[in-house]
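What follows is a set of notes on a single structure, which appears directly below.
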Amino acid sequence: MSAFIATNATATADPFPIINDGWFPDLDGAHLRAALRLDGSVTDARLEVATVNALIEVNRELSLYRRAREEEGHASLAAVPASQLQGESYLVHLYRRAIACSAGAELAERMRDYSATGDGAERADALTPTADEYRRDARWAIRNILGIAHTTVELI
C-alpha cells in the first residue's frame with residue numbers, strides 16, 4: 001500500500017473579476033467556478049478564456065437588444081426595468097446564466113482533450129449531452145432576456 005493519495009489540484013480561492021463592457025455586468029470568476037461546479041482540473045486561465053468567449057458571443061447576440069434599451073435611456077442592463085430577485089434584476093440573473101452556460105459548454109467539450117484512454121473517451125462521451133444541455137440553457141436565458149419563446153416553429 002502506498003501513502004500517495006491523488007487529489008484534484010485546487011484552483012485559486014480568491015475571486016477574480018472578469019471585466020465586461022460597462023453596459024453588461026462584470027462577472028466573478030470564483031462565482032462562475034462554483035456555479036459550474038468546476039474542480040481544480042480547470043484552471044482559472046481556462047475558465048477566463050471560456051468566459052471571455054462567452055461574453056463576446058452573448059454580447060453580440062444581445063447587441064440589438066442593448067441598442068434598443070440604450071435608446072430608451074437605460075445606462076446598463078441592471079437599469080432596464082424588470083422584476084427583482086435577491087436584490088438583482090431578473091435580466092442580470094439571466095445574463096449571468098447565459099454566460100455561465102456558454103462557458104460551461106465550451107469547457108465540457110474541451111474535456112475530451114485530457115485523455116486518449118478508453119476511460120477518458122467514455123467520460124468525454126458522457127459529457128457531450130452536458131455540453132448540449134449547457135447550450136440549450138444559454139439559448140433559453142438569451143431568449144428570456146429578449147422576451148421571445150424558447151422554441152421557433154415554422155410550418156412548411
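Only the coordinates and a few stated rules stand behind these numbers; no lab work does. These figures come from a predicted structure and were not determined experimentally. FYI the Cβ positions are ideal-geometry reconstructions off the backbone, even for glycines, and counts take in every protein chain you see.
Read phi for every residue in region 139-149 and hand back ³J(HN,Hα) as whole Hz from Karplus 6.51 cos²θ - 1.76 cosθ + 1.60, θ = phi - 60°, with x for Gly and Pro.
Per residue, the Karplus-derived 3J(HN,Hα) values read 4, 5, 4, 5, 5, 5, 4, 6, x, 10, 5 Hz.
Any idea how far the Cα center of region 132-156 sits from the one of region 31-80, in Å?
17
What is the sum of charges around Pro25, taking Lys and Arg as +1, Asp and Glu as -1, for the other residues whose C-beta is under 11 Å from the C-beta of Pro25?
On the way: positive: Arg96; negative: Asp21, Asp26, Asp28, Glu88.
Residues near Pro25 contribute -3 overall.
Which ³J(HN,Hα) values in Hz, rounded to whole numbers, follow from the phi angles of region 48-59 under the Karplus curve 6.51 cos²θ - 1.76 cosθ + 1.60, where θ = phi - 60° and Gly and Pro get x?
5, 4, 5, 5, 4, 4, 4, 4, 4, 5, 5, 4
Work out how much length Tyr90 to Val49 would gain on full extension: take 0.36 nm times their residue separation and subtract the Cα-Cα distance, in nm to one decimal.
12.2 nm
List the residues, sorted by chain then number, that are 5 or more residues from Asn20 or on another chain and whose placed amide H is less than 5 Å from its amide H.
Residues meeting the criterion, in which the H sits 1.01 Å from N, are Asp26, Leu27.
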